[in-house]
Amino acid sequence: MKEIINSARVRFPALSRNESFARTLTAGFLMHLEVTPSQLADIKTVVSEAVTNAIVHGYRGEEDKKGEVLLELCFYRNRVLLIRVTDHGRGIENVEKAMEPFYTTDREGERSGMGLPIIRAFCDSVRLVSRPGFTRITMKKKL
């Protein structure tokens, strides 16, 4: 990576209403850059998907534990945006399987299983690391 131009780290409660906060925060972080409306929409979508996954899947059924999500943004001189979302929830049993389209652990059928495939489609690189009590997705997008 090249020199960092700007970065931010924000922790917030793992509440579904904070998904829109994460999207808005990310858009604000990028406002000084020359990003196209299409690039901005893609970035807001991947942040939304990653944060929603952390909240819905990471802490499902564990609201009493008051989980947190960490959102990190880093913009480099070579115009690469790094987005990292971390939670300390349930973890993902099978990361490889989770990256497949339509795979979901949602037993009620409310989730489509397309969050991670969408993230992969909109980013230049995606790295997902998970174990019980820890999940981190790192996404990079060249702007």
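The values are calculated or read from the model by the stated rules, or taken from the named source; none is laboratory data. The structure presented is a predicted model; accordingly, all values stated were derived computationally and were not measured. Virtual Cβ from ideal backbone geometry, glycine too; neighbours counted across all protein chains shown. Keep in mind that these areas ignore ligands, DNA and RNA; they rest on the heavy atoms of the full protein, side chains included. Shrake-Rupley method; radii C 1.70, N 1.55, O 1.52, S 1.80 Å.
Things to note:
- Once segment 1-50 is narrowed to residues that are of a type in the set (Asp, Glu) and open to solvent by 60 Å² or more (accessible area, probe 1.4 Å), the residue that is farthest from residue 142 (Cα to Cα) is 3.
- Answer from 131, 77, 136 - the residue that is within 13 Å of the chain's Cα centre (by Cα), modelled with pLDDT of 85 or more and either open to solvent by 50 Å² or more (accessible area, probe 1.4 Å) or of a type in the set (Gly, Ala, Ser) (or both): 136
- Residues that are aromatic (Phe, Trp, Tyr), open to solvent by 40 Å² or more (accessible area, probe 1.4 Å) and at pLDDT below 95 do occur in segment 98-108, at least one of them.
- Residues being assigned to a strand (DSSP E or B) and touching a Pro at 6+ places or on another chain (Cβ under 7 Å) - total across segment 63-97: 1
- Among (1) in contact with a helix residue (DSSP H, G or I) (Cβ under 9 Å, 6 or more places away or on another chain); (2) under 24 Å from residue 135 (Cα atoms); (3) touching a residue at least 24 places away in the same chain (Cβ under 8 Å); (4) open to solvent by 30 Å² or more (accessible area, probe 1.4 Å) - the single one residue 66 does not satisfy: (1)
- Some residue of segment 27-46 being within 11 Å of residue 71 (Cα to Cα) and either in contact with a helix residue (DSSP H, G or I) (Cβ under 8 Å, 6 or more places away or on another chain) or not in a loop (DSSP other than H, G, I, E, B) (or both): no
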